[in-house]
Structures are given as C-alpha cells and as structure tokens.
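Student: Before I ask anything, let me first share the structure, which is written out below as structure tokens.
Just so it is clear, none of the values below were taken in a lab; they were calculated from the coordinates. All values derive from a computational prediction rather than experimental measurement. Glycine also receives a Cβ, built like all others from the backbone with ideal geometry; neighbour counts cover every protein chain displayed.
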C-alpha cells in the first residue's frame, strides 16, 4: 500500500523509509504526487505535523504521514524550536548560526533536545493519529560526521558520549533518534494500515 509522506526533503524521506522498513508500505514524497509543501503556521510541533498530514491527505486522497521536528537549546530559551528549519537558509548556515549563538556558552550549559511530532491522517483528513519522540543531549563545538542532515552533526546524544548523531551508523541513529522513537509508537498502526488498507 502507498503512504504519502508530507515532505519534499530527500534526507528526511530516506530516513523515514529506513525507519519504516518492513511495514510493507510504499512511501511517496510530495514530489512524487506533484504537491507543494504546505505552510507551517502552527505554534507547536504537533500543530505543524497535523497541518501537514491533513492538508496533504485532503489534496491527495491518500493516507498521509506528517512530521515536524526541531532542536530545542536550553541556553537559547528553547530556540530554534519550531523554527528549526527556518533558522537560516541552508543546513550549513543553520549550523553556523547556532554555533555562533553558543560561542561563549560553556559546555555545561549546552544542553539541548531534539523533539519530533508525527501525525497520520486518513484520506478524508477527518481522522488523525499522533505520536511523539524526544532525545536528550548537548551541542558540540563543531560539526562532525556525515551520516545525517540538519543539526545532526552538532548534536551529542546522552546515550553516545562523544559522538554526534551524524557520526553514528544508521541502525544506532535510528534506534535512539527522536523521529525513530515517534515512528516506533505509530508502527503498529502503520503495519495494520499496510495489511488491511485501513486503521
């Protein structure tokens, strides 16, 4: 069965495909169905995930998975938060801006967490299922690693001292990532959807 993922971010789509491997679902992106990315106007991650899922489900007539995630840095009052993807124009610029903002912050105060909200919408956009995931860590002083995107090269999870998310192999990263934890909670519903075509 086909499931639309409400994203045109190829890195995110590849990660979700890996996380949902074995469910029997064929994942399509917004590019595959010629839909533009919806605006993110919500004030919370859950708002944005639901908005993406329901808008794209309504336009496509397909079961749709939406997610919104971001990095929340303690020393910055939770920023960039829901504006993580809009903090700067590119991944490299976002990382550089974050490092500059934390330049004088000591290691002991560089705590942060990644948060992910996911929403699964029925084709008629009237039913929606939600889940969330979170991983604690801190911000490194320089970007390291190539197995990731966004802020992954700067984020040091508490479970892997000294290694950023982007330095972990895919299996280890997916096991503890915020998106992996959120999708794991939805996995039983998604498996049922793949088997029966309904939830």
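Student: Could you list all residues from the stretch 186-199 that are surrounded by fewer than 18 Cβ atoms within 10 Å (Cβ to Cβ) and either outside any helix (DSSP H, G or I) or in contact with a strand residue (DSSP E or B) (Cβ under 6 Å, 6 or more places away or on another chain) (or both)?
Tutor: 189, 197, 198, 199
Student: Go through the stretch 137-153 and count every residue that is outside any loop (DSSP other than H, G, I, E, B) and in contact (Cβ under 8 Å) with a residue 60 or more places away in the chain.
Tutor: Summing the residues that are outside any loop (DSSP other than H, G, I, E, B) and in contact (Cβ under 8 Å) with a residue 60 or more places away in the chain in the stretch 137-153 gives 1.
Student: Could you count how many residues in the stretch 43-80 are free of Cβ contacts under 8 Å to residues at least 12 places away in the same chain and within 14 Å of residue 134 (Cβ to Cβ)?
Tutor: So the answer is 1.
Student: Determine which member of the set 120, 183 is part of a helix (DSSP H, G or I), touching a strand residue (DSSP E or B) at 6+ places or on another chain (Cβ under 7 Å) and crowded, with 20+ Cβ neighbours inside 10 Å. Quick ask: steps written out before the conclusion?
Tutor: Values: 120 fails: part of a helix (DSSP H, G or I).
Matching residue, one of 120, 183: 183.
Student: Condition check: surrounded by fewer than 17 Cβ atoms within 10 Å (Cβ to Cβ) and free of Cβ contacts under 8 Å to residues at least 12 places away in the same chain. Does residue 101 satisfy that? Lay out the reasoning, then the answer.
Tutor: Numbers: surrounded by fewer than 17 Cβ atoms within 10 Å (Cβ to Cβ): yes; free of Cβ contacts under 8 Å to residues at least 12 places away in the same chain: no.
Criteria not met by residue 101.
Student: Considering only residues that are in a helix (DSSP H, G or I) and within 24 Å of residue 147 (Cβ to Cβ), which ones fall in the stretch 30-46? Walk me through how you get there before you give the answer.
Tutor: Within the stretch 30-46, the first condition is being in a helix (DSSP H, G or I), and the residues that meet it are 45-46.
Scanning the stretch 30-46 gives a single hit, 45.
Student: Quick one: residue 11 ticks every box in (1) in contact with a helix residue (DSSP H, G or I) (Cβ under 7 Å, 6 or more places away or on another chain); (2) over 28 Å from residue 195 (Cβ atoms) except a single one, so which number is it?
Tutor: (1)
Student: Which is touching a strand residue (DSSP E or B) at 6+ places or on another chain (Cβ under 8 Å) and in contact (Cβ under 8 Å) with a residue 12 or more places away in the chain, of 109, 94?
Tutor: Among 109, 94, only 94 is touching a strand residue (DSSP E or B) at 6+ places or on another chain (Cβ under 8 Å) and in contact (Cβ under 8 Å) with a residue 12 or more places away in the chain.
Student: Return a yes/no flag: does the stretch 10-29 have any residue that is surrounded by fewer than 17 Cβ atoms within 10 Å (Cβ to Cβ), touching a strand residue (DSSP E or B) at 6+ places or on another chain (Cβ under 9 Å) and part of a helix (DSSP H, G or I).
Tutor: The answer is yes; a qualifying residue exists.
Student: List the number of the failed condition for residue 126; all other conditions in (1) over 23 Å from residue 48 (Cα atoms); (2) in contact with a helix residue (DSSP H, G or I) (Cβ under 9 Å, 6 or more places away or on another chain); (3) free of Cβ contacts under 8 Å to residues at least 40 places away in the same chain hold.
Tutor: (1)
Student: If a residue has to be surrounded by 24 or more Cβ atoms within 10 Å (Cβ to Cβ) and in contact (Cβ under 8 Å) with a residue 60 or more places away in the chain to count, how many in the stretch 156-179 make the cut? Full working, then the answer.
Tutor: Taking the stretch 156-179 as the starting set, the residues that turn out to be surrounded by 24 or more Cβ atoms within 10 Å (Cβ to Cβ) are 164-165, 173, 177-178.
After this cut, where a residue has to be in contact (Cβ under 8 Å) with a residue 60 or more places away in the chain as well, the list is 177-178.
Residues in the stretch 156-179 being surrounded by 24 or more Cβ atoms within 10 Å (Cβ to Cβ) and in contact (Cβ under 8 Å) with a residue 60 or more places away in the chain: 2 in total.
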